[in-house]
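Input: a single structure, listed below in structure tokens.
Nothing in this text is a laboratory measurement; each read-out follows from the coordinates by a stated rule. Here the structure is a predicted model, which is why all the values come from computation and not from measurement. Ideal geometry is used to build each Cβ from the backbone, glycine not excepted, and the neighbour counts take in all protein chains shown.
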Amino acid sequence: MSKPVLVLGGGIAGIQAALDLAEQGVDVYLVDKLPSVGGKMAQLDKTFPTLDCASCILTPKMAALLRYPNIKLIMCSEVQEVSGSAGNFLVRILRRPTYVNWDLCNGCGTCVEKCPKKVPDEFNMGLSMRKAIHIMFPQAVPRKALIDEKACIRLNPPPELKEKAKGPLCGICERVCPAKAVDFSQKPETIELNVAAIIIATGMELYDPRNIPEYGYGKYQNVFTHLEFERLVSATGPTQGEIVRRSDGRHPKRIAWIQCVGSRDVRFNSYCSAFCCMAATKEAILAKEHMPDVECTIYYMDIRAFGKGFNEFVNRAKKEFGIKYVRGKVVKIDENPSTKNLVVTYEDTASSYMKKEEHDMVVLAVAIRPSCPPIPVDLTADGFVKLRDPYLDPVSTTKDGIFVVGVVAGAKDIPDSVTEASAAAARAALIAKGYEVPVAVDGGGYLA
Amino acid sequence: MSGGIFPPTVPVIKGGKVTGSLKKLGGGDLFICYQCGSCTAICPVSEELDTSFRKAIRYAQLELEDRLLSDPLPWLCYYCGECTKTCPRDAKPSRIMDSLRRYLISKYDWTHVAGLVQSSKLYLTLANIVLFVLGLLFIYLIHGPMNQEKVDLSGFLPPSKVELMGISVGIVSLAIILGGLYRSYRFIMHDITNPARGPLSSLPTLAKYLLLQFPMNRCENKRRWIDHLLIFYGFLLLGMMTLTLFIVLTVAPNPEVFASLRNPSTPLGSAWLLLGAVASAMILYSIISSIVNRLRGKDIYYITATTHTDIAFIIVVLLITLTGIFVLAFRLLNQPILTYYSYAIHLALQPLLFLIELPFSKFSHFIYRPFIAYFALMKGMRIPNAVLKRGMGGGLL
């Protein structure tokens, strides 16, 4: 008999860990704070260094989660407290109400169509609008609707409407739902789980580039972040893959990528965010594929193309796609008020001259911040989960039975996160199965 | 990922020839720099010119002594501290620039004294004290009768002997600083056979750097520029006045004019007094402003880089100015003894300014800076505030 394992975070690392555990016959609870699994990878258009479609890799894995009878997805939920020790953890989880009975909802989307309230869509980084009742994205797993209680007219009525109204407001979704799934009476619920091991795969959030006022993010319309650009360039994104400027909706002719925005900088985060060099290279290639006459410039300090095929990828970007790499840290961005173009100031360290260059669009390689759940494990000074031994035990935290994988342990790319997930799944399964190690042939030793 | 087994960023200070000297001069954060160029890009002096401050740091990191010596970059920096605020590594580039400037001063100096006083608090303090005591001793030996009734400075210290002291100090000082200037010229032009520009056509830039203290006016904090102008013109005024006295006394002796200059009740004497007061006030204001700035730490540069040479300069100039004011005041109040003592101290302090500060320490930058900019322009480098002829790109060194 085995005890269940809790996987925290439904990104690519969490998904991989859950699938590996399930495959080994271990029960898995997969908890995510969002209504769908997929994590950050679901927002990406392509992956480096092969330019494979991110969704095409991710979606089958997401769908596979539902095929295992021993995986239970607990969405819209966050860990509150963890106690106990390896083999016997008690976990308290708070589940937010979705106001839709997911047993009844079949994801038809009728409610979404009829809902009158629009708010910025977080999945598209605010570049498009969604309804108050919504399905997170078309490929969401589970594909269920939920109500954003802050936006909903019924749940959070605007004061001026509330005064006039006699009864409850709106409620259109409740009326139109063919499955009668909408349930405004849902309350937050606490779930208690007893698990053998925990795998932390909560990933990252982006560092707020508004903390670096020199770059003018949030002030200058045509300054974007990597993830915003990924949504723009994605066929499933708000513009169906058209790269357009926020200011006038026109296609940019010159795009700049600025690396190490808040990374490798003692004023903000001193660590390297690891994947931005390759992400910028990939995005520049995608921009070239979408608009062959666009000029792409990447301002970098060091190109960290350390993985297999990475350096070749960068060389290909330079030779095949004509992407310009300029070595120098951009110190500030100024906006041309009439054209909304952006002037970047930097020292071209190859020629040793301070220069100013105008671009139509700037994409910031914003640093990542680990998003650690409230679990009693040690963290490093940077806020990442501390590893017990970075060389010989790189998926263990300082507490027995709690493992850590993916970006929350340290900045890394998708393949590395997946590798760690499989490793942690193997280690967690051992604990879950109570160390039922089969007796070795002839008692072990060596063949004489 | 830091923490645990990976130590956070630790500068590796090697004991190389250049880096070793720079470490002694306070440029210890040299190896933290990862050459991103933020300092060049944020610098208010910098344009699309030969003003890559990053490059100077690179030369130092690589121990390229020849390149450093032939590069006027540290002289184009005014230590406003913008780069230190912007540096993503907290390497304090303005501080490195300051250590580079002091490194260059010690290299230009042919007597090799500059290196000692620049890098050692002890040597600088000792040199100042010894010289001051020697000055007092000299004055004690040559002084005449101290008239108790009324102030008689010419009787106390015969002008001819003071002049002799002044001339000898001046000649030594000039010999050292001119030697230093010649050496800096050789360093900068060592690989140049045909100067890109003649000495005459480069003169306007020399004037701008010397008389207007350009391009410091571009820095964010204009107050420091004003302070520099005030102290420069204060000293210039005092220098002219000393020269006038020298002419009236020795070159074309005119005892009448000398007497009326010394007598505040004559129109010429009161004008002379006013001139001296204005010059002293200019210097005093500038020095006090610099002290206040440093204490308040308003400028990030001041927080990070007040060195013993700065402090010594401030103390010496402050003492000289104050004793000068005391001499004037006591003379007007008719306090003979106090006047004589103030005058003796005032004179004994002069060698500190002209035999330590001017040739070896902080004060030298007012001569080196404009002239090195001038040499750089002749070399063909593109520097700020210089009218450049077409097709004379400086390019890489």
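Viscosity 1.002 mPa s, temperature 20 °C: Stokes-Einstein D of the protein assembly as shown from its Kirkwood Cα radius, in µm² per second? The Stokes-Einstein estimate is 66 µm²/s.
Taking only Cα atoms and a 10 Å spring cutoff, compute GNM fluctuations for chain B and point out the largest among B:106, B:342, B:168. Comparing B:106, B:342, B:168 in a Gaussian network model of chain B, the most mobile one is B:168. Counts of other chain beta carbons within 10 angstrom of each beta carbon in peptide B:46-56 average 4. Size descriptor for chain A, Kirkwood hydrodynamic radius: 23.8 Å (Cα pairs only, one decimal).
Per the Kirkwood formula applied to alpha carbons, the range B:225-367 shows a radius of gyration over Rh ratio, Rg over Rh, of 1.01. Calculate I(q)/I(0) for the range A:329-448 by the Debye formula, one identical point scatterer on each C-alpha and no solvent, and give its log10 at q = 0.09, 0.10 Å⁻¹ to two decimals. Rounded to two decimals, the profile gives -0.51, -0.58. Sorting the segments A:401-413, B:130-142 by their residues' average number of neighbouring beta-carbon atoms within 10 angstrom, most packed first, yields A:401-413, B:130-142. Go through A:336, B:42, A:376 and say which Cα lies farthest out towards the positive end of the charge dipole of the protein assembly as shown; charges sit on Cβ, +1 for Lys and Arg, -1 for Asp and Glu. It is A:336. To one decimal place, what Kirkwood hydrodynamic radius in Å is obtained for the range A:1-44 from all pairs of distinct Cα atoms? Across the range A:1-44, the inverse of the average 1/r is 10.7 Å. The loop-placed trypsin sites (Lys or Arg not before Pro) in the range A:79-171, going by DSSP, that have at most 15 neighbouring Cβ atoms within 10 Å of their Cβ come out as A:150, A:166.
From the P(r) of chain B, could you give the percentage of C-alpha pairs in the tail past 29 Å? So the pairs more than 29 Å apart make up 48 percent of the total in chain B.
Note that the range A:273-279 has calculated 3J(HN,Hα) couplings of 7, 6, 9, 5, 4, 6, 4 Hz, one per residue in order, obtained from phi through the Karplus relation 6.51 cos²θ - 1.76 cosθ + 1.60 (θ = phi - 60°); glycine and proline are x.
Among A:74, A:126, A:141, whose Cα lies farthest out toward the positive end of the dipole of the range A:70-163, if unit charges sit on the beta carbon of Lys, Arg (+1) and Asp, Glu (-1)? Value: A:141. FRET efficiency for the pair residue A:221 and residue A:315, taken as 1/(1 + (r/R0)^6) with r the Cβ-Cβ distance and R0 = 25 Å, rounds to 0.15. Compute the angle between helix B:222-246 and the longest alpha-carbon principal axis of chain B, please, reported from 0 to 90 degrees and rounded to the nearest 10. The angle comes out near 40 degrees.
Backbone amide hydrogens, once placed in the peptide plane, bring residue A:295 within less than 5 Å of A:254, A:255, excluding anything fewer than 5 places away on its chain.
Does the range A:219-322 come out rounded, prolate or oblate, given a ≥ b ≥ c as the square roots of the eigenvalues of its C-alpha gyration tensor, rounded meaning a/c under 1.5 and, failing that, prolate meaning a/b above b/c? Cα axes put the range A:219-322 in the oblate bin. With a simple spin-label model that places each label point 7 Å from the Cα along the Cα-to-Cβ direction, the separation between residue B:265 and residue A:192 comes to 10.6 nm.
Measuring from a point 7 Å past the Cα of residue A:63 along Cα-to-C-beta, which residues in the range A:125-147 have an amide N at less than 17 Å? Taking a point 7 Å out along Cα→Cβ of residue A:63, the residues of the range A:125-147 whose backbone N falls under 17 Å are A:137-144.
Under the classification rounded if a/c is under 1.5, otherwise prolate if a/b is larger than b/c and oblate if not, where does the range A:1-119 fall, given a ≥ b ≥ c as square roots of the Cα gyration tensor eigenvalues? Verdict is oblate for the range A:1-119. Charge dipole (Cα centre; +1 on Lys/Arg Cβ, -1 on Asp/Glu Cβ; no other charges) of chain B amounts to roughly 880 debye. Roughly what would the spin-label model give for residue A:179 and residue B:191, points 7 Å off Cα along C-beta, in nm? Result for the modelled spin labels: 7.5 nm. Inter-chain neighbour count for A:342-351: the average number of beta-carbon atoms from partner chains within 10 Å of each residue's beta-carbon is 5. Counting only aspartates and glutamates at least 8 places from residue A:355 when in the same chain, those with an alpha carbon closer than 14 Å to its own are A:334, A:347, B:47, B:48, B:50.
Its convex hull of Cα atoms gives the range B:178-275 a direction-averaged projected area, equal to a quarter of the hull surface, of 10.1 nm². Each residue, residue A:378 and residue B:296, gets one label point 7 Å from its Cα in the Cβ direction; the gap between the two is 4.7 nm.
Ordering B:128, B:70, B:84 by the projection of their Cα atoms onto the charge dipole of the range B:18-137, which places +1 on the Cβ of Lys and Arg and -1 on the Cβ of Asp and Glu, puts B:128 at the extreme positive end. On the basis of the beta-carbon distance and an R0 of 25 Å, residue B:310 and residue B:130 show a calculated FRET efficiency of 0.75. Take the Cβ atoms of residue A:214 and residue A:351, set R0 to 22 Å, and the FRET efficiency comes out at 0.45. With K and R counted +1 and D and E -1, the other residues having a Cβ less than 12 Å from that of residue A:67 yield a net charge of 0. Every pair of different Cα atoms in the range B:104-147 enters the Kirkwood calculation, which places the hydrodynamic radius at 12.3 Å.
Dipole size of the protein assembly as shown about its Cα centre, with +1 on Lys/Arg Cβ and -1 on Asp/Glu Cβ: approximately 1200 debye, rounded to the nearest 20. Taking a Cβ cut-off of under 12 Å around residue A:173, the surrounding Lys, Arg, Asp and Glu residues balance to a net charge of +2, with basic ones at +1 and acidic ones at -1. The angle between the Cα long axis of helix B:159-189 and the longest principal axis of the Cα atoms of chain B comes to about 10 degrees, rounded to the nearest 10.
The mean number of partner chain beta-carbon atoms within 10 angstrom of a residue's beta-carbon across peptide A:320-332 is 3. Of all DSSP beta bridges confined to the protein assembly as shown, the antiparallel ones make up roughly 55%. For the range A:130-249, a Kirkwood hydrodynamic radius built from all Cα pairs, placed in the Stokes-Einstein relation at 4 °C and 1.567 mPa s, yields a translational diffusion coefficient of 68 µm²/s.
Across the range A:76-119, Cα-Cα distances exceeding 11 Å account for 77% of all pairs. Each Lys and Arg Cβ is given +1 and each Asp and Glu Cβ -1; about its Cα centre, the range A:370-420 then shows a dipole of about 120 debye.
The alpha-carbon atoms of the range B:92-245 define a convex hull whose volume equals 194 cubic angstrom per residue. Amide hydrogen proximity for residue A:404: with H placed 1.01 Å from N in the peptide plane, the residues at 5 or more positions away or on another chain lying under 5 Å are A:200, A:396, A:397. Once you sort the root eigenvalues of the Cα gyration tensor of the range A:225-264 as a ≥ b ≥ c, which label holds: rounded (a/c under 1.5), prolate (a/b larger than b/c) or oblate (the other case)? Since a/c reaches 1.5 but b/c is at least a/b, the shape of the range A:225-264 is classed as oblate. Taking a Cβ cut-off of under 9 Å around residue B:17, the surrounding Lys, Arg, Asp and Glu residues balance to a net charge of -2, with basic ones at +1 and acidic ones at -1.
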